[in-house]
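Input: a single structure, listed below in structure tokens.
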Amino acid sequence: PDYNKFLTCKRWDTIHDRYQERLDRGDTLLKVGAATGEDLPRAATNVGSTGRLYAFEPDPENFDCLNKNLDLHAVTTPTTEMVAVSDTADEAVTFLKKEDSHTTHRMSDAELGSSREGYSEISVPPTTVDEICANPDIDQLKMLSITVNRHEAAVLAGATETLKHTQYVVIPYSD
């Protein structure tokens, strides 16, 4: 793979700045794990009316906040879907744990480990990046942003065809 296409950074604000400065008018951004979409109004300004934004979030509360945030900022260009993006389009079960200021997601029993304490289980429609990008409206992807809390490898495994024609892949990380 061309590792020059990967933008990684530990600090959230830095990674948002690094990818925002690479978005231009007419570009397409696909954001997996969009959360509340705090960075999407700026991205919408960057890509303009000729660009496209696609945002995917499995958590129902985050998804609701995502759409409210976009409405609040009068951002009309994004396509949003409440789906679980992974390596397969089989049935998706997401485990959610509400904590003080955020939600922890786990997409599988293997990621969850032996402790289920504090987690609730929800079913959301599953998909892959390749399945999403089979949409004829997505002819070229400038940027794939993945923020999925330890599920990055699975999302990338479901993006093998898409990665061949994606200029940048953004993956923030933490310890």
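The values are calculated or read from the model by the stated rules, or taken from the named source; none is laboratory data. Keep in mind that this is a model prediction, so the values were computed, not measured. Methodologically, a virtual Cβ is constructed for each residue, glycine included, from the backbone with ideal geometry; neighbour enumeration extends over all protein chains shown. When the accessible area is computed, the model is the full protein with side chains, heavy atoms only, and any ligands, DNA or RNA have been set aside. Shrake-Rupley method; radii C 1.70, N 1.55, O 1.52, S 1.80 Å.
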Checking Pro58 against (1) within 13 Å of Val148 (Cβ to Cβ); (2) at pLDDT 90 or above; (3) in a loop (DSSP other than H, G, I, E, B), only one condition comes out false. Which one? (2)
Of all residues in segment 27-39 being at pLDDT 90 or above and of a type in the set (A, V, I, L, M), the one that is nearest to Glu152 (Cα to Cα): Val32
Out of curiosity, is Arg42 touching a Phe, Trp or Tyr at 6+ places or on another chain (Cβ under 7 Å), open to solvent by 30 Å² or more (accessible area, probe 1.4 Å), basic (Lys, Arg) and modelled with pLDDT of 85 or more? no
Candidate set from segment 81-106 (those that are among the acidic types (Asp, Glu) and over 18 Å from Ile122 (Cβ atoms)); member that is modelled with the lowest pLDDT: Asp100
Could you list, ordered by first residue, the pairs with Cβ atoms under 8 Å in which the first is in segment 140-165 and farther than 13 Å from Thr88 by Cα and the second is among the aromatic types (Phe, Trp, Tyr) and buried (at least 20 other Cβ atoms within 10 Å of the Cβ), at least 6 apart or interchain? Met143/Tyr19; Ser145/Tyr19
Filter segment 119-161 for residues that are open to solvent by less than 40 Å² (accessible area, probe 1.4 Å), over 11 Å from Phe56 (Cβ atoms) and assigned to a loop (DSSP other than H, G, I, E, B); the one that is modelled with the lowest pLDDT is His151
Any chance you could count how many residues in segment 61-80 are open to solvent by 30 Å² or more (accessible area, probe 1.4 Å) and either at pLDDT 95 or above or among the β-branched types (Val, Ile, Thr) (or both)? 4
Within segment 45-60, tally of residues that are closer than 21 Å to Pro125 by Cα and open to solvent by less than 10 Å² (accessible area, probe 1.4 Å): 5
Is it the case that Asp24 is modelled with pLDDT of 90 or more, in a helix (DSSP H, G or I), acidic (Asp, Glu) and open to solvent by 20 Å² or more (accessible area, probe 1.4 Å)? no
